[in-house]
Amino acid sequence: MLRHAVLLWLALTGASVFAEPPPEPKVERNVSEDDQVRVEELKVRGETKKVTVKNKLTRAPDYEIVVTDAGRESAGGTGNGISKSGSGTRVWRVLNF
């Protein structure tokens, strides 16, 4: 009985040593621009994570659009009092380090 337990333990621990690590996620950086704005988008595994909008014409500060994760949100809203919309929430950076 002990022999079977040892063999089972060796089989299980040995399999985890030789298991392949998960592949690196696919990261895409898309840039769209015209004469007024530049939009930089970061996608990880095909899902948009970050969108930054930079204004070219005025001195308005750059802003970021926080994209909500559709899999983690409830149907009623974002959970922090902000109503849910399909476009995300604008965020301006006050201090940039």
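Quick notes on this one:
- Meets criteria (within 21 Å of residue 93 (Cβ to Cβ) and small (Gly, Ala, Ser)) for residue 11: no
- Against the test of being at pLDDT 60 or above and farther than 15 Å from residue 39 by Cα, the options 75, 70 yield a single qualifying residue, 70.
The values are calculated or read from the model by the stated rules, or taken from the named source; none is laboratory data. This structure is a prediction, so every number in the text was calculated from the model and none was measured. Ideal geometry is used to build each Cβ from the backbone, glycine not excepted, and the neighbour counts take in all protein chains shown.
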